[in-house]
Amino acid sequence: MTTRRSPRPLAAVPTQSQPTTQNQFPSGGPAASPATPARQELPVPAHALPQRSPRELLTMARRGLEEAATMRPDGLRYATAHLAALRAAAAVLAARATPAPGVRRSRPTSVWTLVVMVAPELREWAAFFAAGAAKRAAAEAGVTRAVTGREADDLLRDAATFLALVETTLGLVPTMPIGVPRAG
């Protein structure tokens with residue numbers, strides 16, 4: 001049996017060069033540093049931008065994690081937690097991306113690819129969740145052996161950690177405790 005490790009990006013771990021309390025910053029969020037790049041709005045195709053505000057998407061992600069924590073079928077718990085992570089990623093796009101004028105619709109682009117464009121500090125998390133997309137699709141299709149209970153519980157905790165990191169990245173106070181317990 002192999003041990004699965006969640007990504008732990010440098011931006012999520014304070015270093016000696018990074019202050020660790022929010023009250024040291026006038027804006028309430030972390031200062032720009034090599035590990036935490038300054039906010040940059042990058043143009044992406046308009047059709048790829050979320051139609052909801054970052055706060056709405058974060059609220060939807062939080063509710064999705066709460067719902068996933070109460071689900072019994074492992075596949076549904078996994079898929080719902082993955083969807084919550086997608087909504088958190090969409091909140092990053094809604095906050096940081098701007099529509100690219102004149103860019104035509106091309107082949108579909110993954111939310112995870114776009115997140116890396118606008119928030120490179122989330123690269124490892126994007127790769128992690130992108131790698132779970134096929135497993136999520138199998139679980140949604142009803143393949144009962146696609147996901148184990150351990151995988152679903154691990155993804156639920158990882159998605160909660162990602163949501164808290166996104167909230168922090170966007171200058172918000174994380175509202176969901178890291179490590180959402182499984183109900184039941």
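The values are calculated or read from the model by the stated rules, or taken from the named source; none is laboratory data. Computed from a prediction, not measured in an experiment: that's the story for all the values here. All Cβ positions, even for glycine, are placed from backbone atoms using ideal geometry, and neighbour counts span all protein chains on display.
At least 3 residues being of a type outside the set (A, V, I, L, M) and closer than 17 Å to GLN51 by Cα is the threshold, and among the helices (runs of 4 or more DSSP H) wholly inside region 66-156 not one reaches it.
Can you tell me which residues in region 126-142 are out of contact with any Gly (no Cβ under 7 Å at 6 or more places or on another chain) and surrounded by 12 or more Cβ atoms within 10 Å (Cβ to Cβ)? The answer is ALA126, ALA127, PHE128, PHE129, ALA130, GLY132, ALA133, LYS135, ARG136, ALA137, ALA138, GLU140.
A count restricted to region 130-160 and to residues that are closer than 14 Å to ALA69 by Cβ and either within 19 Å of the chain's Cα centre (by Cα) or modelled with pLDDT under 95 (or both) stands at 9. Within the set ALA69, ALA61, ALA94, the sole residue that is over 12 Å from VAL147 (Cβ atoms), among the small types (Gly, Ala, Ser) and under 12 Å from the mean Cα position of the chain (by Cα) turns out to be ALA61.
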